[in-house]
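The structure appears right after this line, and notes come after that.
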Amino acid sequence: MKHAALVACLPVLLLAACGRSEPVADMPTQEELAAAANAAAATALANAAAEDTDSRNYVNQARGFSITFPEGWTIDKAASTADGAVYQDPGAGADVRVFWQKNDNDQTLQQIVESVNDSAEGVDGDFVGENEYRGTANDGEGNNVAIRLLKQPDGGTVTATFVYPEMLSEQYQGIAEQTLASLRSFAPKGAATPAPAAVPAPAANAN
């Protein structure tokens, strides 16, 4: 009988053991849970911002340049080529054009800028060293044009222009400056790396 009673009580004892709760001290507090949730949310926002920036970055490895376009702008695939790209603001008639061009005539940057002056009105700008120019112009059709030119070591030129309606200057001027400032030039993919200069052998009678 004692064995029967023990067997009858056994399921109850097992259920009680399985239902035992952990000590309250081992459970995270509400503050810790809130901190963990806030950290996860911050990480998610940071990752989303990084992904958004990456989606706006245009990198042309073959021509050796990159630029970050404004948020929400779309690429004009018909106008883009292997040498560069055109991005547009769908709602306001503004666009950014950035293209690499081979310098067949071995022109200086000053000569290239002069040719740009011939195709626009009221060009005004400054040279930044020997290989960079920044300026503004008007296309004669009611649009302002912000310009940045970079001459690469191999003689090629990267030209970026930000065109926007003159009447929207207050809205677009800052965006234009920020966009053109993001233009970077680097060694094209596959470009030969200059060999280091040979070190002359010491003379036989050198100490």
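Based on this model, can you work out whether Thr74 counts as open to solvent by 40 Å² or more (accessible area, probe 1.4 Å), modelled with pLDDT of 90 or more, within 22 Å of Pro188 (Cα to Cα) and of a type in the set (Ser, Thr, Tyr)?
Considered against the rule, which asks whether it is open to solvent by 40 Å² or more (accessible area, probe 1.4 Å), modelled with pLDDT of 90 or more, within 22 Å of Pro188 (Cα to Cα) and of a type in the set (Ser, Thr, Tyr), Thr74 comes out as no.
Cβ-Cβ distance below 8 Å, separation of 6 or more or different chains: which pairs start in the stretch 127-139 with a residue that is open to solvent by 40 Å² or more (accessible area, probe 1.4 Å) and end on one that is assigned to a strand (DSSP E or B) and of a type in the set (Ser, Thr, Tyr)?
Note: pairs meeting the criteria are Phe127/Tyr133.
List, please: which pairs have Cβ atoms under 9 Å, are six or more places apart or on different chains, and start with a residue in the stretch 162-188 that is in contact (Cβ under 8 Å) with a residue 12 or more places away in the chain and β-branched (Val, Ile, Thr) and end with one that is open to solvent by less than 30 Å² (accessible area, probe 1.4 Å) and assigned to a helix (DSSP H, G or I)?
Final answer for the pair search is Val163/Ala176.
I'd like the full set of residues that are under 14 Å from Ala94 (Cα atoms) and touching a Lys or Arg at 6+ places or on another chain (Cβ under 6 Å), limited to the stretch 120-178.
Passing the criteria: Ala160, Thr161.
The conditions are (1) more than 27 Å from Thr74 (Cβ to Cβ); (2) at pLDDT 90 or above; (3) not in a strand (DSSP E or B), and Asn105 fails exactly one of them. Which is it?
Result: Asn105 fails condition (2) only.
Can you report the number of residues in the stretch 142-160 which are closer than 21 Å to Tyr58 by Cα and open to solvent by less than 30 Å² (accessible area, probe 1.4 Å)?
Residues that pass the stated criteria total 11.
The values are calculated or read from the model by the stated rules, or taken from the named source; none is laboratory data. Given the structure is predicted, the values throughout are model-derived calculations rather than measurements. Please note: Cβ atoms are built from the backbone with ideal geometry, for glycine as well, and neighbour counts cover all protein chains shown. Heads up: the accessible areas ignore ligands, DNA and RNA and are worked out on the full protein's heavy atoms, side chains in. Shrake-Rupley method; radii C 1.70, N 1.55, O 1.52, S 1.80 Å.
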